[in-house]
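Undergrad: Before we start, here is the structure in question, set down as structure tokens.
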């Protein structure tokens, strides 16, 4: 059985919020939960610190033979950051439910 953990991020994924997300991702991976979904549906903003936390988590997850997927932000402005940085080509996005 594969365990998948969903982490929900609300509001801003910025330099203030990114360390907590990075810590949560790392804690799950250290416990052996390597398949993660980060739900970004409710974010309104993402900056480079937020992107770095997601990239770091994806790399750690994949190194442990897992994966990190993202729920697509409903905010077009927030998703635009992923498009401009071409991270929309790197991450696997699922649509919000």
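Undergrad: Farther than 18 Å from residue 22 by Cβ and free of Cβ contacts under 8 Å to residues at least 40 places away in the same chain: is that true of residue 92 in this structure? Before you say what the answer is, go through the steps one by one.
TA: On the way: farther than 18 Å from residue 22 by Cβ: yes; free of Cβ contacts under 8 Å to residues at least 40 places away in the same chain: yes.
Against the criterion (farther than 18 Å from residue 22 by Cβ and free of Cβ contacts under 8 Å to residues at least 40 places away in the same chain), residue 92 qualifies.
Undergrad: How many residues are within 16 Å of residue 66 (Cβ to Cβ) and surrounded by fewer than 12 Cβ atoms within 10 Å (Cβ to Cβ) when one looks only at the range 1-25?
TA: Number satisfying all stated conditions: 3.
Undergrad: Does at least one position in the range 28-36 carry a residue that is farther than 17 Å from residue 83 by Cα, in contact (Cβ under 8 Å) with a residue 40 or more places away in the chain and under 12 Å from the mean Cα position of the chain (by Cα)? Break it down into steps so the answer makes sense when it comes.
TA: Taking the range 28-36 first, the residues farther than 17 Å from residue 83 by Cα are 28-36.
Add one more test, that the residue is in contact (Cβ under 8 Å) with a residue 40 or more places away in the chain, and what stays is none.
Among the residues of the range 28-36, not one is farther than 17 Å from residue 83 by Cα, in contact (Cβ under 8 Å) with a residue 40 or more places away in the chain and under 12 Å from the mean Cα position of the chain (by Cα), which makes the answer no.
Undergrad: Out of the residues in the range 30-44 that are touching a strand residue (DSSP E or B) at 6+ places or on another chain (Cβ under 8 Å) and more than 15 Å from residue 70 (Cβ to Cβ), state the one that is surrounded by the fewest Cβ atoms within 10 Å (Cβ to Cβ).
TA: Here is the first cut: in the range 30-44, the ones touching a strand residue (DSSP E or B) at 6+ places or on another chain (Cβ under 8 Å) are 33-44.
Subsequent filtering for residues that are more than 15 Å from residue 70 (Cβ to Cβ) retains 33-34, 44.
On the way: 33: 17, 34: 21, 44: 13.
Restricting to residues being touching a strand residue (DSSP E or B) at 6+ places or on another chain (Cβ under 8 Å) and more than 15 Å from residue 70 (Cβ to Cβ), the top hit is 44.
Undergrad: Let me ask something additional. What is the one condition in (1) touching a helix residue (DSSP H, G or I) at 6+ places or on another chain (Cβ under 7 Å); (2) at pLDDT below 95 that residue 2 does not satisfy?
TA: Only one criterion in (1) touching a helix residue (DSSP H, G or I) at 6+ places or on another chain (Cβ under 7 Å); (2) at pLDDT below 95 is unmet by residue 2, namely (1).
Undergrad: Mind listing whichever residues of the range 49-78 are surrounded by 19 or more Cβ atoms within 10 Å (Cβ to Cβ) and more than 10 Å from the chain's Cα centre (by Cα)?
TA: Just the residues of the range 49-78 that are surrounded by 19 or more Cβ atoms within 10 Å (Cβ to Cβ), to begin with: 50, 53-54, 57-58, 60-61, 66, 68, 70-71, 73, 78.
60, 61, 66, 73, 78, listed by residue number.
The values are calculated or read from the model by the stated rules, or taken from the named source; none is laboratory data. Note that the coordinates shown come from a computational prediction; the quantities given were computed from them, not determined experimentally. Every residue, glycine as well, gets a Cβ built from its backbone with ideal geometry; the counts of neighbours run over all protein chains shown.
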